[in-house]
Amino acid sequence: MKKPGRAIEVTLQPGEFYFGDGNTRIRTLLGSCIAITMWHPQSKIGGMCHFMLPSRSIKPKDVLDGRYADEAMQLFLREIRAAFTKPGEYQVKLFGGGNMFDRSAQHDEENCKNIPCHNVAAARRLLQQNGFHIVAEHVGMSGHRNVVFDIWNGNVWLRHVKS
């Protein structure tokens, strides 16, 4: 499918979330943060989150904050329910968790010792717990990533710049 003539361009900052239809392109820049993209191939809807941390210790009663993985997942689930779709129908891609300071640090989820590793582990755990299946990922390593997601066809473009 070609890019629509009047595509909406959305740039996510850390902690932001967007879910929309097939005339949208979403982009973000990641370091240690995580971006999750979700695309429904039949409905041509989907979204992206850009979270910074796995969770927060104090939870508010009614306001979800996309800076945290568990709350970003709740934002996705709310949109998926509103669209009368199910988590297993989405193509999910996971990006980020780059180590910005210690190039020698490895992503060993059993022995996580840094924020990027905790972020990747939280994303994978939440996706699995909620019935999603990851079809592609590019996580860990050092450096930053530019991510561009075209909802009209589900393509995700990635540029990884190593530190």
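The values are calculated or read from the model by the stated rules, or taken from the named source; none is laboratory data. These figures come from a predicted structure and were not determined experimentally. Neighbour counts are summed over all protein chains in view; Cβ atoms, including those assigned to glycine, are modelled from backbone coordinates with ideal geometry.
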Handout entry: Top-ranked residue in the stretch 55-70 [being of a type outside the set (Ser, Thr, Tyr) and within 12 Å of the chain's Cα centre (by Cα); ranked as farthest from HIS118 (Cα to Cα)]
Key = GLY66
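Being among the acidic types (Asp, Glu) and crowded, with 17+ Cβ neighbours inside 10 Å is the requirement here; does GLU16 meet it?
Taking the combined requirement at face value, the residue satisfies it.
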Exercise for the section: Could you please find all residues in the stretch 30-49 being aliphatic (A, V, I, L, M) and more than 18 Å from ALA136 (Cβ to Cβ)? Expected result: ILE45
Exercise for the section: Within the stretch 62-92, track down each residue that is out of contact with any helix residue (DSSP H, G or I) (no Cβ under 7 Å at 6 or more places or on another chain), among the charged types (D, E, K, R) and within 15 Å of PHE17 (Cα to Cα). Expected result: ARG67, GLU71, ARG78, GLU79
Exercise for the section: State whether the residues of the stretch 115-122 include one that is modelled with pLDDT under 95 and part of a loop (DSSP other than H, G, I, E, B). Expected result: no
Practice task
Taking only the stretch 19-49 into account, find how many residues are assigned to a strand (DSSP E or B) and buried (at least 23 other Cβ atoms within 10 Å of the Cβ).
Solution key: 13
Problem - Pair list, Cβ under 9 Å, 6 or more apart: the stretch 118-142 residue touching a residue at least 60 places away in the same chain (Cβ under 8 Å), other residue of a type in the set (S, T, N, Q) and part of a loop (DSSP other than H, G, I, E, B) - result: ASN119/SER32; ALA122/SER55
Exercise for the section: Would you mind stating whether ILE36 is β-branched (Val, Ile, Thr) and either over 24 Å from PRO116 (Cβ atoms) or in contact (Cβ under 8 Å) with a residue 24 or more places away in the chain (or both)? Expected result: yes
Problem - Number of positions in the stretch 129-157 that are touching a Phe, Trp or Tyr at 6+ places or on another chain (Cβ under 9 Å), within 15 Å of LYS93 (Cα to Cα) and surrounded by 16 or more Cβ atoms within 10 Å (Cβ to Cβ) - result: 12
Problem - Which numbered condition GLN74 misses (of (1) within 20 Å of ILE134 (Cβ to Cβ); (2) modelled with pLDDT of 95 or more; (3) outside any strand (DSSP E or B); (4) touching a strand residue (DSSP E or B) at 6+ places or on another chain (Cβ under 9 Å)) - result: (4)
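For (1) within 22 Å of ALA121 (Cβ to Cβ); (2) in contact with a strand residue (DSSP E or B) (Cβ under 7 Å, 6 or more places away or on another chain); (3) of a type outside the set (Phe, Trp, Tyr); (4) at pLDDT 95 or above, each residue gets a yes or a no:
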position	(1), (2), (3), (4)
ALA35	yes, yes, yes, yes
MET38	yes, yes, yes, yes
SER43	no, no, yes, yes
SER55	yes, yes, yes, no
ALA82	no, no, yes, yes
VAL92	yes, yes, yes, yes
